[in-house]
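Asker: Pasting a structure here, questions to come.
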Amino acid sequence: METILLKDNWKLTVLGQNVYDIPEEPIDTVVPSTVYSTLLEKGLMPDPYYRDNELDALKLMENDFRYETTFTVSKEQRTADRVLLRFEGVDTLAEIYINETKLGSSNNMNRIWEYDITHVIDGDSENTEYTLKVILHSPTKFIAEEDEKCPVGASSDAMPGFPHIRKAACMFGWDWGPRLPDAGLFREVKLVSVNTARLADVYIDQLHKVKEKTVRGNIVEAVDVAVDAEIEWMPGITDGNVIIRLNVESPDGKTNLVNDSVCIDPLTDSAPSSNLTGLYCDVRSNHLNTHVTVENPQLWWPNGYGDQPLYKVKVELISKEDESVLDVWEKKIGLRTATVNTDPMPDEKFEEHMKDQIPDLDDGSNMVISDGGRKIFVTDKEAKKVEGRNFAFEVNGLQFFAMGADYIPEDNLLTRQNRERTDMLLSSAQEANHNCIRIWGGGYYLDDFFYDVCDERGLLIWHDFMFSCASYELSDAFEENISVEIRQNIRRLRSHPSIGLWCGNNELETQYESLVWQKSKKQTYDYIHLYEYIIPKLVKEEDPKAFYWPSSPSSGGNYENSNAENVGDVHYWGVWHGNEPFTAYRKHHYRFLSEFGFQSFPALQTVRRFAEEGDFNIYSRVMEMHQRNTAANGKIMNYLSQTYLYPKSFDELLYCSQLLQADAIRYGVEHFRRFRGTCMGTVVWQLNDIWPVASWASLDYYGNWKALHYAEKRMFAPVLLSCEEHGEIDQKPYVNTLPQPVDVSANLHVANETAEPVSGVVKWSLRNPDSSVVKEGSFDFTAPAFGGTWLPHLDFNDQDRLQVHLYYELVIDGKAVSTGSTLFCAPKHYHFMDPGLEVSRNGDIITVTAKNYAKSVSIETEEGVLRLDDNFVDMEKGEKTFRILPSRDFTAKGAEADGNLRVRSVYEVAEN
Ligand code: BMA
C-alpha cells in the first residue's frame, strides 16, 4: 500500500458575490486548510475574532467555495489493484469531481470519505494530469432550508437548524462561541494505492490475569494482547496468501514480543463484508487473529495514580508469497482495564456528617429556569425515590475520584489546532492535577494527536458522541450516516488507553424530559431508538468492553430522572444558571458531576487582543459580542454584588470575576471531595475557550491560566485540607436580613486521594486583619487511603465575624502541603487593612510581601498574564515566593515575563 499526500498546489475560489468583494479567482492554498484560514493568511478578510468582525465572516458562509488541485498517478501506483482518493476530513457539504466526473458527495465532517478511481485512470499514462475539484456548499443556507422542511428544536445560542448537518454544532454559535461555521478540507487528502489486500480494521483485546486485588488496584501478572484484524481483499483477488504479524514493543523499547497468525488465502472463509465503515467497500473480507502475552506488565494509570507506560503495537499484513508487507497498522496502547462502577449504593450509606449541614435560605431545587432563551432543568426532587447507585470510574480495579474539566473545540478555525497546542493545553490540565477530561458532544471527533496526548498525560476521557442540546430527526439516511460516523470513530480511537467511556450525547435526555427541544412526539421516540438502541449496539459491536452511558446527564436512560441526585451523573447548574449562592453545593450529595461551572472574563491583557480601549466596559457592544450567554453579565454583577465592593475599574471588575469563578468552583469541589465515596467525580465546565470570550473556562483562548485554574491545582491536589465554614455567607447573606443568631464555626476536613494513609498535623489560627493571632490550635490526624477524615468542630461564636478570619494548614513532615484561609462574612464587609503589597523579582523567583492579611493575591505584568507555580492565593502578613514558569500561551505572545510586575488583592479592588 502506498500513500501520497495531496498537500500542495491547491486553489481556493470563493464562488459568487461575497461580503468581502473577493473576486472569483483562484487563491493559492494547501490542504489541510479552511476557507477562513486561507483568506486570513492572504489578507483577504479581517480577523473574525477581533471586535465584531464575526458578523461579516458569518455572511461569507452564505457562499459556496471551490477547492481545486491537479495530480498525476505514478507508474507503480497505476499497477496497484486499486487506486483510491481518501479524504480524512471534509467540512462539510461537498461534491467531489475528478476532471468532469463526479465521484460522489459528502455530508459529514466526522467521517472519512474514500472514492475508487481505478477505472477513471485506467489506460492513461503516468504523465496524465487529473483535476480534483471539491465544491463546498454553504452550510448556513443548507440548515435554514432543511429546518423549513423539518423543524427540529435546538439551543437558541446556535443557528436554527444546526442538527440537520453533521458538522460541529458549536460552529453555529454557542453560549461561549461565535457563529463562524467555516468550511474546508480540514484534514489530509491522500492518494492511496492498494495491492492484494489491506487492513480494514484492527481490534485489540486485553485479558488481564489478576494476581491480587488491592486498595491501589489490581496486581496483574500478565496481559494477553490479542489482535483481531479484518482483511479487506481488493476486488477480483483469487490468490495471495497472507498472514498478520503482531509486534508488541515494551515502553523502554528493549523487548519485542512477536507472533504470526495462521495463513489464509482470499477464498478461505472470506465473506462479503457487512460492516458500514463507509470506506472503500471491501468486497470480501476475513479476520485474522494472533496474540502475545506480556508478563509483568506495566499498567497504564490515570494521572496521579501511577505512570502512563505505552507499548508500541505493530500489526503487519504480510504476503506469504514474497514476504512483502502489504499494510501496516501502528498504535501505542496502554495496558489497562477501564469501566464505570454502577453498583447499587443506598442512600443509607450517606455519612453522618451530612446531617449537620446547614441548609440554604434559598431552596431553588426542582426548577426549570429560562435563561436567555435556554431552559435548564436544574435538579429533580423526585430523585430521592430512585434507588441509589455508585458512579465511579474504575481503572485496573481502582475506583478513583474523577477530577477534571469539560473540553470544547480549541478553535473555530479548525486547522489552527495542532499537537503542540493541544499538548500545551492538556499539560495545563495535568499540572492542575486533572485525571480526566470530558469531550463534550457539541464539537467534533478530534485528531489522533489529541488522544495521544491524553494517553501520555493520563487524562481518562469521557467521550460524548457528537449530539448536543437539540432534537434530531431520525430517518434511514440519518441512521446510516451517523452509524458510519460512529463506527469509524470508535475504530479509530478504541485502542487509546485514555478512552474511559462512550456517552450518547450532551443533555438530550434531560432536556427532552423537561420537554425543551423536541418538535414532535416522533422525536421523543427517536431519542430512545437512537441513544438507547442504535448507538449502544454499535458500541457493543465495535468496542465490546467499553462502558456506554446514554446521555450526560443520565440515570441510565428511559427519561427516568436523568438528573437524579443519587444515581448516574448530573449537570448541576443551581449555582450560576439558577443564581443560587456558592454554599448551595452543600445541599447536594451527587454521585458524579459531569458539569458545573461559573463564568469569568479573561484578563485585561487578553481582552486587549480583541477589543479597543473604547470598548473597555462589559456592556459595550464589542464586549457583549464576546459574552454569548445572554444573562451572564447580569449574573456576574449579581454574584459580585453579594461578594465584593464595587470595583473601581474595568480591569478590577475582570479580576473580581475570576475570583468569583475560582471561589464558586472551590465551594463545589471541596464539598464533593469531603464526601468521597458518595460522590466520585467533579468535572468542571469548562476547560478551554474556542475564541477570546467571557466564559466558564479556566484557561483562556490563548491558554493563559485564570484564577480558577490555579485554584483547581490546589483543590484537585491528592491531599487536600478544606474548610466547611459557617457564617454570614450561608445564614445572613444580606445585611438587612432580620437580625438573627449566626453560627460562626468551621469544620476542617482532610481528603486523601492516595493509596497510602496520610498522617500529619493540621494547624489552625483565628486571626485579625493584621494577621495577629486571636486563638490557635492543632490536630493530629490520619486520613485513610482513598478516604478522608473530619477534624473536630471549631466554634468561633464568641468572635466578631467581620473582624476575624481562619488560617489553616496541613503539615506533613514539617512541610505545609495544603493551606487556605476563610472569612465568616462576605469579603466586601470584612475589615481588611491595607496589605501594602510589594513585589520584587530575582531571576524567575518573585517575592511578595504583605503588611497585613491579603486575600486572593495575584501577580502579573502590565503586558501579559504570567504563569506561576501558584497565583491568586491568600497571604498572611509576611513574605511569599512564587516561581515563573514557561508560558502556555499558544501564540507565544502572551506572557511577557520581563514586563513591569503588578500585584493586587481584594483590598485594592475598590477605591479606599
Ligand atoms: C452545559 C453545556 C453546554 C453549555 C454550558 C453552559 O450544560 O452542555 O451546552 O455551554 O452548559 O451553559
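Asker: Once each part is reduced to its C-alpha centroid, what is the distance from the range 642-701 to the range 582-639 in angstrom?
Answerer: The range 642-701 and the range 582-639 have Cα centres spaced 9 Å from each other.
Asker: Among 774, 749, 736, which residue has its Cα furthest toward the positive end of the charge dipole of the range 719-831, with +1 on Lys/Arg Cβ and -1 on Asp/Glu Cβ?
Answerer: 736
Asker: While we're looking at this one, here's another question. How large is the dipole of the range 196-336 about the Cα centre if only Lys and Arg carry +1 and Asp and Glu carry -1, each at its Cβ, rounded to the nearest 20 debye?
Answerer: 720
Asker: Could you run the Karplus curve 6.51 cos²θ - 1.76 cosθ + 1.60 with θ = phi - 60° over the range 233-238 and give me ³J(HN,Hα) per residue in whole Hz, x for Gly and Pro?
Answerer: Result, rounded to whole Hz: 7, 6, x, x, 6, 10.
Asker: What's the magnitude of the charge dipole for the range 2-192 around its Cα centre, counting Lys and Arg as +1 and Asp and Glu as -1 at the beta-carbon? Answer in Debye, nearest 20. Intermediate values should be presented prior to the final figure.
Answerer: Numbers: 20 positive and 34 negative charges, 65 e Å.
Using only the charged Cβ atoms, the result is roughly 320 debye.
Asker: Restrict the search to the range 50-112; then list the chymotrypsin sites (Phe, Trp or Tyr not before Pro) that DSSP places in a loop and that have at most 15 other Cβ atoms within 10 Å of their Cβ. Mind showing how you got there, number by number?
Answerer: Numbers: sites: 50, 65, 67, 71, 87, 97; in loops: 50.
Of the chymotrypsin sites (Phe, Trp or Tyr not before Pro), the ones in loops of the range 50-112 whose Cβ has at most 15 other Cβ atoms within 10 Å are 50.
Asker: Next question, about the same structure. Please give the net charge around residue 818, taking every other residue with its beta carbon less than 9 angstrom from that of residue 818, where Lys and Arg add +1 and Asp and Glu add -1.
Answerer: 0
Asker: Among DSSP beta bridges whose residues both lie in the range 635-789, state the antiparallel percentage, nearest 5.
Answerer: If we restrict to bridges inside the range 635-789, about 95 percent are antiparallel.
Asker: Which of the helices in the chain, when you take each full DSSP H run, stretch at least 18 Å along the axis at their Cα atoms and have an average Kyte-Doolittle score of -1.0 or higher? Display every interim value, and only then the final one.
Answerer: On the way: long enough: 476-493 (25 Å, -0.71); 650-674 (36 Å, -0.24).
Length and hydropathy pass: 476-493, 650-674.
Asker: Please state the shape class of the chain: rounded when a/c is under 1.5, otherwise prolate if a/b exceeds b/c and oblate if not, all from the C-alpha gyration tensor.
Answerer: prolate
Asker: Which chymotrypsin sites (Phe, Trp or Tyr not before Pro) in the range 578-662 sit in a loop by DSSP (not H, G, I, E or B) and have at most 11 other Cβ atoms within 10 Å of their own Cβ?
Answerer: Numbers: sites: 582, 585, 590, 592, 596, 598, 610, 616, 619, 639, 644, 650, 655; in loops: 590, 592, 596, 598, 610, 616, 619, 644.
Counting only loop positions with at most 11 other Cβ atoms within 10 Å, the chymotrypsin sites (Phe, Trp or Tyr not before Pro) in the range 578-662 are 619.
Asker: Could you list the GluC sites (Glu not before Pro) in the range 121-159 that lie in coil according to DSSP, counting only those with at most 10 other Cβ atoms within 10 Å of their Cβ?
Answerer: Of the GluC sites (Glu not before Pro), the ones in loops of the range 121-159 whose Cβ has at most 10 other Cβ atoms within 10 Å are 129.
Asker: Note the full-extension length gain between residue 476 and residue 416 as 0.36 nm times their separation in residues minus their Cα-Cα distance, in nm to one decimal.
Answerer: The span from residue 476 to residue 416 would gain 18.1 nm if fully extended.
Asker: Here's a follow-up. Compute for the range 2-192: radius of gyration divided by Kirkwood radius, i.e. Rg/Rh, restricted to C-alpha atoms, rounded to two decimals. Don't jump to the answer; show the numbers that get you there.
Answerer: Values: Rg = 17.8 Å, Rh = 17.6 Å.
That ratio is 1.01, to two decimals.
Asker: Please report how far the C-alpha centroid of the range 810-825 lies from that of the range 172-195, rounded to the nearest whole angstrom.
Answerer: Their Cα centres are 48 Å away from one another.
Asker: Compute the label zone of residue 126 within the range 182-224: residues whose backbone N is under 20 Å from the point 7 Å along Cα-to-Cβ.
Answerer: What the label zone holds, given the 20 Å backbone N cut-off, is 191-196.
Asker: Same structure, new question: Projected onto the charge dipole of the chain (+1 at Lys/Arg Cβ, -1 at Asp/Glu Cβ, origin at the Cα centre), which of 158, 461, 630 gives the Cα projection farthest towards the positive end?
Answerer: 630
Asker: Taking the Cα centre of the chain as origin, work out the dipole magnitude from +1 charges on Lys and Arg Cβ and -1 charges on Asp and Glu Cβ, in debye rounded to 20.
Answerer: Dipole size: approximately 1360 debye.
Asker: Using a ≥ b ≥ c from the Cα gyration tensor of the range 643-701 (square roots of the eigenvalues), is it rounded, prolate or oblate, where a/c under 1.5 gives rounded and otherwise the larger of a/b and b/c decides, a/b for prolate?
Answerer: Numbers: a/c = 5.40, a/b = 1.57, b/c = 3.43.
Verdict is oblate for the range 643-701.
Asker: Could you tell me how far the Cα centroid of the range 1-57 sits from the Cα centroid of the range 286-324, in Å?
Answerer: 41
Asker: Per DSSP helix of 4 or more residues, -39500 (n - 2.57); summed, then divided by the residues of the chain. What does that give at 222 nm, rounded to the nearest 500?
Answerer: Result for the chain, helices only: -5000 deg cm²/dmol.
Asker: Relative contact order of the chain, please, whole-number percent, based on alpha carbon pairs below 8 angstrom and at least 6 residues apart.
Answerer: On the way: 2253 pairs, mean separation 85.4, N = 912.
Relative contact order comes out at 9 percent.
Asker: Along the charge dipole of the chain, which of 817, 538, 566 sits closest to the positive end, that is, farthest toward it, with unit charges on the beta carbon of Lys, Arg, Asp and Glu (+1, +1, -1, -1)?
Answerer: 817
Asker: Okay, next question. If you take the square roots of the eigenvalues of the alpha-carbon gyration tensor of the range 685-731 and sort them as a ≥ b ≥ c, do you get rounded (a/c under 1.5), prolate (a/b over b/c) or oblate?
Answerer: On the way: a/c = 3.80, a/b = 1.76, b/c = 2.16.
Since a/c reaches 1.5 but b/c is at least a/b, the shape of the range 685-731 is classed as oblate.
Asker: Something else now. Over all alpha-carbon pairs of the range 719-831, lay out the pair-distance distribution in 10 Å bins, whole %, shortest bin first.
Answerer: The percentages, shortest bin first, are 14, 43, 28, 13, 2.
None of the figures in this text is laboratory data; all of them are computed from the coordinates on show. The structure presented is a predicted model; accordingly, all values stated were derived computationally and were not measured. Neighbour counts run over all protein chains shown; Cβ positions are idealised from the backbone, glycine included.
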